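In what follows, a structure is listed as structure tokens, so that the remarks can point back to it.
Each reported figure results from applying straightforward, stated rules to the coordinates on display, with no laboratory input. Worth saying up front: this structure is predicted, and the values here are computed from it rather than measured. Cβ coordinates were reconstructed from backbone atoms using ideal geometry, including for glycine residues, and neighbour counts include every protein chain displayed.
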Amino acid sequence: MVSPKARVTGAEFDTLCLLVRPRPDLVRAGQALQAGVDVAALCGLAAEHRVRPRTLESLGLLPGFELPASAKSSLETFRRLHSVRVLSLVQELRRLGDALTANGVRFATFKGPTLAARLYGDVAGREYSDIDLIVPRAHYEGAEQTLAALGYRGVQGDRAFRRAFLAHLRQCAFAHPDVDATVDLHWDFRGIHLPFPLAPDDIWERLEPFAIGGATVPTIGGLNLALLLAGHGTKEAWRSLDWICDVAMLVEHSPDLDWSEIHQRARQRRCGDSVLLACTLADQLLGTPLPAPLAGPLAASARVPRLASALIEELRQGRSPAQLREGVTDIDLCETAGARIRAVLTLALACTAGDYAALPLPRPLWPLYHAIRPFRLAGKALVSLAFPARLGR
């Protein structure tokens with residue numbers, strides 16, 4: 001992988017946005033490359049933001065453009081490995097779907113292969129590394145047992161540990177020694193402390209069958225997919241361009257979506273700003289026009305333009321998604337100060353893996369973490385106030 005490091009500038013990021021938008025602007029991208037945009041840095045950014053398939057496709061359409069040998073070799077290696085890997089993931093998804101169905105476990109797949117095929121027309125048209133499944137809460141134990149029978153084991157400890165310290169996440173990761181991917185098994189789309197524009201109960205009667213890899217699996221589409229993408233991107237702080245690309249592709253290829261209803265449903269769950277933010281980023285970075293029904297709510301919002309501007313500036317500075325400071329965080333799913341306070345207090349009362357890492361207690365004493373956690377968080381807050389430089393503040 002080519003690394004952008006210090007050479008990357010806003011010009012490389014802007015050019016990348018021209019290449020990966022739903023309708024690539026090849027004229028302006030070609031002009032930028034001729035003007036001296038660093039191709040190695042551009043390719044490094046594409047890797048960081050997980051948009052190499054779109055970047056490769058668009059660069060191949062530029063007349064007379066030839067990638068430098070090192071960048072070409074790196075991207076071609078990625079293309080080969082990615083193609084093989086996604087085919088493996090599609091087959092694994094089929095195996096998982098067959099097993100869950102045979103055991104009477106209701107499920108839906110989202111993100112991963114089905115999202116790539118739905119939005120990009122090709123299971124290899126998008127980068128992904130996991131298989132995401134959601135099951136009803138009542139079916140979760142059956143889903144875990146099915147995964148175990150297929151050879152999967154929990155990544156984050158045994159079942160007792162997951163129940164004690166990961167329940168607040170409402171998802172767990174499972175790995176298989178012969179599968180180059182983890183399965184993220186969800187029973188909700190959010191952590192216990194957050195609002196989210198889409199609830200699990202909203203999806204089960206609206207699932208759409210999707211043909212992939214010779215099988216048909218249930219997945220999330222339509223209005224629910226729009227709500228899912230907006231909520232997920234905001235929860236993940238929009239640190240990676242691929243999430244913005246997903247929203248842009250959905251807006252571009254689903255002109256009949258009722259964005260007024262989408263926004264209204266998100267508002268009913270107190271996170272309508274996530275929809276406005278998602279579409280604003282797709283508009284300003286990828287040239288995908290804001291859906292007309294959202295123009296009024298966006299004009300009435302002071303918060304969303306501020307968040308969008310801060311995030312775009314962070315992205316253009318050229319740092320990798322992992323290095324971006326938290327200008328937008330999962331708490332920004334909460335639209336009011338009261339909602340943020342409730343989110344922080346809810347998380348403060350939930351035991352996490354961090355509690356165990358800070359003070360490993362034997363299993364019989366795990367109930368004590370509920371009493372210890374407030375004092376640990378208070379001590380951590382005092383240290384951050386007393387020594388802000390140590391924490392990078």
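Overview of results
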item: Shape metrics for the range 224-350, restricted to C-alpha atoms - Rg then Dmax, Å; result: 14.2, 43
item: Distance in nm between pseudo-label sites at ALA339 and ILE372 (7 Å out along the Cβ direction from Cα); result: 3.4
item: Debye intensity ratio I(q)/I(0), log10, the range 86-220, q values 0.14, 0.15, 0.18, 0.21 Å⁻¹ (C-alpha model); result: -0.61, -0.71, -1.04, -1.41
item: Computed magnitude of the charge dipole of the chain (debye, nearest 20; Cβ of K, R +1, Cβ of D, E -1); result: 1180
item: Whole-number percent relative contact order across the range 224-350, with pairs defined as alpha carbons under 8 Å at least 6 apart; result: 31
item: Relative contact order (%) - criterion: Cα under 8 Å, at least six apart; region: the chain; result: 16
item: Kirkwood-Stokes translational diffusion coefficient of the range 5-67, alpha-carbon pairs, 37 °C, 0.692 mPa s, µm²/s; result: 289
